[in-house]
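See below for the structure under consideration.
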Amino acid sequence: MMRVRLKADGRIVEILPDGSERTVDHNNPAHFVRQVRARCGLTQAAFAEKIEVPIETVRNWEQGKRAPRGPARALLAVIAHSPDTVFAALATEPTRA
């Protein structure tokens, strides 16, 4: 489980298992996407497959050619906080009401 902390200077940091801290950068979309994917331990191709977007989309996000917007940005933010839950939900068929 990932732990995050809001620092006095306004930074959000991730607390790593060894107790060290890593700044979470939400202001740089390319870095944020790269960071989320890396924390999931997935290649660009595997990450793209899991979130059901073309690999070119992930590449463009990570290279800063495009930035995720709207639903994609929201999905990435949720993955950053709870990747296992999101991937489990995406892997199942939705139930009909």
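Going residue by residue through region 42-53, is there one that turns out to be closer than 18 Å to A30 by Cβ, out of contact with any helix residue (DSSP H, G or I) (no Cβ under 7 Å at 6 or more places or on another chain), among the β-branched types (V, I, T) and modelled with pLDDT of 95 or more?
Within region 42-53, one or more residues are closer than 18 Å to A30 by Cβ, out of contact with any helix residue (DSSP H, G or I) (no Cβ under 7 Å at 6 or more places or on another chain), among the β-branched types (V, I, T) and modelled with pLDDT of 95 or more.
Working only within region 11-70, note down all residues that are hydrophobic (A, V, I, L, M, F, W, C) and in contact with a strand residue (DSSP E or B) (Cβ under 9 Å, 6 or more places away or on another chain).
I12, V13, I15, L16, V24, F32
Taking region 45-97 only, how many residues are in a loop (DSSP other than H, G, I, E, B) and either hydrophobic (A, V, I, L, M, F, W, C) or at negative phi (or both)?
The total comes to 16.
When the residues of region 1-39 are narrowed to those that are crowded, with 16+ Cβ neighbours inside 10 Å and part of a helix (DSSP H, G or I), which ends up modelled with the lowest pLDDT?
Looking at the filtered set, the residue picked out is P29.
Pick from region 49-95 the residues that are polar (S, T, N, Q) and surrounded by fewer than 13 Cβ atoms within 10 Å (Cβ to Cβ): which of them is farthest from V33 (Cα to Cα)?
T95
The values are calculated or read from the model by the stated rules, or taken from the named source; none is laboratory data. A quick note: this is a predicted structure, and the numbers were derived from the prediction, not measured. Cβ sites come from the backbone with ideal geometry, for glycine too, and all protein chains shown count toward neighbours.
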